[in-house]
Amino acid sequence: MEAKTPAKKTTAGSGAAKTGAAKPTAKTPAKKGAAKELKDLFEDSLKDIYWAEKALVKALPLMMKNATDEKLKSAIENHITETETQIERLEECFEALGKKAQAKKCDAMQGLLDEGKSVMEETEPGTVRDAGIIAAAQKVEHYEIATYGTLAAFAKVLEEEECLNLLLETLSEEKKCDELLTKVADTNLNSKAK
């Protein structure tokens, strides 16, 4: 007969607490007027990114003014113009849906813009600040890429072809902007900041 190994006892402070696993919590109740259908979520998300783009077009000139690298300044300046066009596309998307263009504060974009401002305050002008501006700008681009990709997927499922085409055009621009920022950082800017 084999001897059984006693089961290991768990004590307070072990298990989930040690691994950092969170205890399950109750479900989050929906707010009054919460989206019930994908179309509602789509329209709500459009309001969110519409606010985000309008806030970004106001924040980009400050980033450009604080940048010292000419390629970075040029990239930001070009993106200001692109962002203005992207706002117009969102307005066209609302129009295609038969809705008035409406903005709803985007907490994610507000946080990213606050972080970008903080990076500028916490760095001396020059290559280190430029590197920080690129990092902050790429975080914004990655958020926008994720958002426009999701919105395009929603538009496809909802068979909103006009919105889909508008969103895909913007998604392509956001990806190109992210690639350009990477090239600017890679052209010795990060090395100079070292």
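Greater than 27 Å separation of Cα atoms is the criterion. Which listed pairs, 27/139; 99/139; 71/104; 47/183; 54/100; 73/156, meet it?
Details: 27/139 30 Å; 99/139 30 Å; 71/104 33 Å; 47/183 32 Å; 54/100 16 Å; 73/156 36 Å.
27/139; 99/139; 71/104; 47/183; 73/156, as the Cα separations exceed 27 Å there.
Would you calculate a helix-derived [θ] at 222 nm for the chain, using -39,500 (n - 2.57) for each DSSP H run of n ≥ 4 and dividing by the full residue count, to the nearest 500? Mind dumping the intermediate values first?
Numbers: 7 runs with 134 residues, N = 194.
The per-residue figure over the chain is -23500 deg cm²/dmol.
Could you run the Karplus curve 6.51 cos²θ - 1.76 cosθ + 1.60 with θ = phi - 60° over region 56-68 and give me ³J(HN,Hα) per residue in whole Hz, x for Gly and Pro?
So the J values, rounded to whole Hz, are 5, 5, 7, 7, 4, x, 5, 5, 5, 5, 8, 6, 10.
How would 79, 142 line up from fewest to most surrounding beta-carbon atoms within 10 angstrom? List each step's numbers first, then the result.
On the way: 79 25, 142 13.
By the 10 Å Cβ count, ascending: 142, 79.
List the GluC sites (Glu not before Pro) within region 86-164 that fall in a DSSP loop (any state other than H, G, I, E or B) and whose Cβ has at most 11 other Cβ atoms within 10 Å. Display every interim value, and only then the final one.
Details: sites: 88, 91, 92, 95, 115, 121, 122, 141, 144, 159, 160, 161, 162; in loops: 122, 159, 160.
Hits after loop and neighbour filter: 122, 159.
To the nearest 0.05, what FRET efficiency results for residue 62 and residue 31 with a Förster distance of 30 Å applied to their C-beta separation? Write down the numbers at each step before the final one.
Numbers: r = 33 Å, r/R0 = 1.10.
Step by step, r from the Cβ atoms, then E = 0.35.
Test of understanding: ordering 76, 87 by Cβ neighbours within 10 Å, fewest first, what list do you get?
Numbers: 76 23, 87 20.
Least crowded to most crowded, the residues run 87, 76.
Can you sort 56, 113, 97 from fewest to most other Cβ atoms within 10 Å of each residue's own Cβ? Intermediate results must be reported in sequence, preceding the final value.
Numbers: 56 25, 113 22, 97 18.
Ranking 56, 113, 97 by Cβ neighbours within 10 Å, fewest first, gives 97, 113, 56.
Full-extension gain between residue 142 and residue 168, please, as 0.36 nm times their residue separation minus the C-alpha to C-alpha distance. Numbers along the way, then the final one.
Numbers: separation 26, 0.36 × 26 = 9.36 nm, distance 1.49 nm.
Between residue 142 and residue 168, full extension yields an extra 7.9 nm.
Tell me the net charge near residue 150. Cut-off is 13 Å between Cβ atoms, residue 150 excluded, with +1 for each Lys or Arg and -1 for each Asp or Glu.
Net of charged neighbours comes to -3.
Name the most mobile residue of 28, 127, 147, meaning the one with the largest mean-square fluctuation, in a Gaussian network model of the chain with Cα contacts below 10 Å.
28
Ratio to report: Rg/Rh of the chain, with Cα atoms as the point set and Rh obtained by the Kirkwood method; give two decimals.
Working: Rg = 22.5 Å, Rh = 19.4 Å.
My calculation of the ratio gives 1.16.
State the extension gain, in nm to one decimal, for the chain segment bounded by residue 84 and residue 41, taking 0.36 nm per residue of separation less the distance between their alpha-carbons.
Values: separation 43, 0.36 × 43 = 15.48 nm, distance 2.40 nm.
Computed gain between residue 84 and residue 41 is 13.1 nm.
On a 0 to 90° scale, report how tilted helix 161-184 is relative to the longest principal axis of the chain, with both axes built from alpha carbons and the result rounded to the nearest 10.
90 degrees
Where a number appears in this text, it was derived from the coordinates with a stated rule and is not lab data. In this text, all values refer to a predicted model and were calculated from it rather than measured experimentally. Backbone-built Cβ (ideal geometry, glycine too); neighbour counts: all protein chains shown.
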